[in-house]
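Working notes, structure below.
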């Protein structure tokens, strides 16, 4: 009886260690989805070119992640990309003239949307559109412009 | 010529027959699962034998694999000035591949061979026949708890392997190589996904635990009941289980990560 008791205790410890390892993997190592689509509010923004932006790319403000890209569509009337941003409800005081730009983290890193607050009195609400946007910088275009300007000299 | 044809045919038939017997064996064993619920102590004993007793080798291997990953990854990443990504490299390779696969290979060597030898000896010393004489189904009483124990133990072992490995990588990266601690963890958290990476690693390890234990038990149950037969069955367990794990890993990886 004593032996089977110690066996059971060891198995209990083993299961707890395994669960703790799984818990560490899910909390410490991976990104638990802080905002799912039900929470938060959505803003739209039109971009001429979104470059390599993907759904679930981060939306940052002053470098802090305040939301994620929840949907990317294409407006076939004005030929622009329509990006839907899901913003954490904690940040519900973005001014109306907030601008959105697509940046790249590092030279070759992933792309993300950076928001910059304006000075308007009114705040953006669910479903509103961000008016001021700046498209992704496409490296090939830059190189092309650089070559053309070199050739002119 | 005819001799060759006959030998080829006999080998093919032998292999298919064994595969068929293996699946029938599995069916009978799975039939014993419901009767395990009231006697879960049997399963706990098997989790102890195949899980707890494998802890040391799993933890030590995980630690060293993680440390080596960090060292090697650093050598490549330092050329691009991207040493902050070291955490991502270590965590992704451990959680997605090395944890489940290395864990399963070690599990096959440590626990699988022991299972085969145990069942094979039970058969050689006619303990299994004795049980049948007492109207106890050895597949339900002896084999089923071992299979369930393996299926439960393997994902836990793989998770421990990955977690210890990440700690090992962290020790080398931050302690030895001077990578920034905050970047190590935050980059890891930004890139590792709970469902895509951690959960698929767990699914992999459940599949591997099932396959390794099944092969080990079947080899033991199907062994020629002599000491030589048991030793050959044990060898076959390790070889076949390792091959099955590696092959299945490719298929599972292609299914899970192939489309992105």
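No value in this document is a laboratory result; all are computed from the given coordinates. Being a predicted model, the structure only gives us computed values, none of them experimental. FYI the Cβ positions are ideal-geometry reconstructions off the backbone, even for glycines, and counts take in every protein chain you see.
Work out how far the C-alpha atoms of the range B:11-257 reach from end to end along every principal axis, then list the three figures in whole Å, largest first.
Extents along the principal axes, in whole Å: 69, 43, 31.
Looking at the range A:68-153 from every direction and averaging, what is the projected area of its Cα convex hull in nm²? Kindly include the intermediate steps, with their values, before the conclusion.
Working: hull surface 32.8 nm².
With the hull built on Cα positions only, its mean projection is 8.2 nm².
Percent relative contact order of chain B, based on C-alpha pairs within less than 8 angstrom and at least six residues apart?
Contact order relative to length: 32 percent.
Taking chain B as the reference, fit the longest principal axis to its C-alpha atoms, fit the long axis of helix B:55-77 to the helix C-alpha atoms, and give the angle between the two in degrees, 0 to 90, nearest 10.
40 degrees
Kindly state, to the nearest 0.05, the FRET efficiency for residue B:30 paired with residue B:7, given R0 = 45 Å and r defined as their beta-carbon distance. It would help to have the intermediate numbers written out before the result.
Values: r = 35 Å, r/R0 = 0.77.
That pair, residue B:30 with residue B:7, gives E of 0.80.
Under a GNM of chain B (C-alpha, springs under 10 Å), which listed residue has the highest mean-square fluctuation: B:213, B:12, B:235?
The residue that fluctuates most here is B:12.
Please compute the length gained on full extension between residue A:75 and residue A:150, using 0.36 nm multiplied by the number of residues separating them and subtracting their Cα-Cα distance. Show your work: numbers first, answer last.
On the way: separation 75, 0.36 × 75 = 27.00 nm, distance 3.58 nm.
Result for the pair: 23.4 nm of gain on full extension.
Kindly put B:185, B:214 in sequence by how many other C-beta atoms sit within 10 Å of each C-beta, fewest to most.
Working: B:185 17, B:214 24.
Exposure proxy ranking, most exposed first: B:185, B:214.
Taking each residue in B:182-193, count the Cβ atoms of any other chain within 10 Å of its Cβ, then average. What number comes out?
3
For helix B:113-124, what angle does its Cα long axis make with the longest principal axis of chain B, in degrees from 0 to 90 and rounded to 10?
Roughly 10 degrees between the two axes.
Can you give the helix-only mean residue ellipticity at 222 nm for chain B, where every DSSP H stretch with n ≥ 4 adds -39500 (n - 2.57) and the sum goes over all residues, rounded to the nearest 500 deg cm²/dmol?
Details: 11 runs with 190 residues, N = 260.
Rounded to the nearest 500, the figure is -24500 deg cm²/dmol.
Please list the radius of gyration and Dmax for chain A, considering alpha-carbon atoms only, with Å as the unit.
23.1, 92
In which sequence would B:122, B:188 go, from the one with the fewest C-beta neighbours within 10 Å to the one with the most?
Details: B:122 22, B:188 26.
In order of increasing Cβ crowding within 10 Å: B:122, B:188.
What is the distance in Å between the Cα centroid of the range B:109-135 and that of the range A:69-146?
66 Å
Once the Cα atoms of helix B:227-257 and of chain B are each reduced to a long axis, what angle between those two axes, in degrees from 0 to 90 to the nearest 10, is obtained?
So the inclination is approximately 50 degrees.
Can you check what the Kirkwood hydrodynamic radius comes to for the range B:121-196, Cα pairs only, in Å to one decimal? Provide the component values of the computation, followed by the final result.
Working: mean 1/r = 0.0604 Å⁻¹.
Mean inverse Cα-Cα distance, inverted, gives 16.6 Å.
Where in the range B:163-184 does the amide nitrogen come within less than 18 Å of the point 7 Å from the Cα of residue B:78, taken along Cα to Cβ?
B:169-181, B:184
Quick one: among B:133, B:154, B:102, which has the greatest mean-square fluctuation in a GNM of chain B with alpha-carbon springs under 10 angstrom?
Taking springs between Cα atoms under 10 Å, the residue moving most is B:133.
Can you sort B:198, A:82, B:143 so the residue with the fewest Cβ neighbours within 10 Å comes first? Spell out each step's value before the answer.
Values: B:198 23, A:82 16, B:143 26.
Arranged by neighbour count, lowest to highest, B:198, A:82, B:143 become A:82, B:198, B:143.
How high is the relative contact order of chain A, given as a whole-number percent (alpha carbon pairs under 8 Å, six or more residues apart)?
On the way: 252 pairs, mean separation 37.1, N = 153.
Reported as a whole number, the value is 24 percent.
How shielded is A:8-15 by partner chains, expressed as the average number of their Cβ atoms within 10 Å of its Cβ atoms?
Working: counts 5, 2, 7, 12, 3, 2, 13, 7.
Partner Cβ neighbours, averaged per residue: 6.
Pick from A:54, A:141, A:28 the residue whose mean-square fluctuation is largest in a GNM of chain A, springs joining Cα atoms under 10 Å.
In this elastic network of chain A, the residue with the biggest mean-square fluctuation among A:54, A:141, A:28 is A:28.
Taking the simple approach of a point 7 Å from Cα along Cα-to-Cβ for both residue B:53 and residue A:92, what is their distance in nm?
Distance between the two pseudo-spin positions: 6.0 nm.
So for the protein assembly as shown, considering every pair of alpha-carbon atoms, how many percent are separated by more than 29 Å?
On the way: 50039 of 85078 pairs.
Tail fraction, whole percent: 59.
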